[in-house]
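The structure under discussion appears below in the form of structure tokens.
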Amino acid sequence: MPKDNSAYGLIGLYFKLTLIAMFIYVLAYAFFPTWHDNFLPIVQFNNQTVKYIGLTLLFISLVWTVIAQGHMKNSWRIGIDTDTKTELVTSGLFSVSRNPIFFGMILSLVGLFFTTPNTLTLIFLILGYVLIQIQIRLEEEFLTKEHGQAYIGYKQKVRRLI
């Protein structure tokens, strides 16, 4: 991710700050399990069934993301790499989603919210979703320039997320 004043650089900075905040939250939750109650719990979602759904989503998102990264093979990058030419990956999970890794990240945000439903994790979910949507569009613009008609055809056949 660039460290410049561009939109892409700004999104990269916000991604990093959001990930750091979520990491601190999860780490604090691991050591202080009732700490999340200080962030305005959303009581409608605060029950064992929803927590188990959240944990299941977290597990599924982990497996899904690892598989998607494996399908990318040598094309795996963090962010937009304008220096390295890679192949367009359209098989495996990429045959059902143009952005399976981002889909996995969204699932994990929903899982985190369901596991500890409070205002802070709702903010993480909303902010993460918005940042992911912006990043997807930046990458789609790049991939259209990089792969041309092959990517345009792929976009017509495969949905953005799922």
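The values are calculated or read from the model by the stated rules, or taken from the named source; none is laboratory data. Computed from a prediction, not measured in an experiment: that's the story for all the values here. Reconstructed Cβ throughout: ideal geometry from the backbone, glycine too, with neighbour counts over all protein chains shown. Accessible surface areas use protein heavy atoms only, side chains included; no ligands, DNA or RNA. Shrake-Rupley method; radii C 1.70, N 1.55, O 1.52, S 1.80 Å.
Return the pair list, or none, for Cβ contacts closer than 6 Å from residues in the range 29-51 that are under 13 Å from PHE113 (Cα atoms) to residues that are exposed (fewer than 15 other Cβ atoms within 10 Å of the Cβ), at least 6 apart or on different chains.
From the range 29-51, the pairs are PHE39/THR119; LEU40/THR119.
Do we find that TYR8 is part of a helix (DSSP H, G or I), under 30 Å from GLN156 (Cβ atoms), under 17 Å from the mean Cα position of the chain (by Cα) and not small (Gly, Ala, Ser) in this structure?
Numbers: part of a helix (DSSP H, G or I): yes; under 30 Å from GLN156 (Cβ atoms): yes; under 17 Å from the mean Cα position of the chain (by Cα): yes; not small (Gly, Ala, Ser): yes.
Yes.
Go over the candidates LEU112, LEU120, LEU125 one by one and state the one that is open to solvent by less than 70 Å² (accessible area, probe 1.4 Å) and without any contact (Cβ under 8 Å) to a residue 60 or more places away in the chain.
Working: LEU112 fails: without any contact (Cβ under 8 Å) to a residue 60 or more places away in the chain; LEU120 fails: without any contact (Cβ under 8 Å) to a residue 60 or more places away in the chain.
When all the criteria are applied, what remains is LEU125.
Only one of (1) at pLDDT 85 or above; (2) outside any loop (DSSP other than H, G, I, E, B); (3) not charged (D, E, K, R) fails for LEU88. Which number is that?
Condition (2) is where LEU88 drops out.
So that you can scan it fast, the table gives a plain yes or no per residue for (1) more than 12 Å from the chain's Cα centre (by Cα); (2) open to solvent by 50 Å² or more (accessible area, probe 1.4 Å); (3) within 23 Å of THR56 (Cβ to Cβ):
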site	(1), (2), (3)
ASP83	yes, yes, no
THR90	yes, yes, no
PHE94	yes, no, no
PRO100	no, no, yes
GLN135	no, no, no
GLU140	yes, no, no
ALA150	yes, yes, no
VAL158	yes, no, no
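Can you tell me how many residues within the range 111-120 are of a type in the set (Ser, Thr, Tyr) and either under 14 Å from the mean Cα position of the chain (by Cα) or under 19 Å from THR65 (Cβ atoms) (or both)?
1
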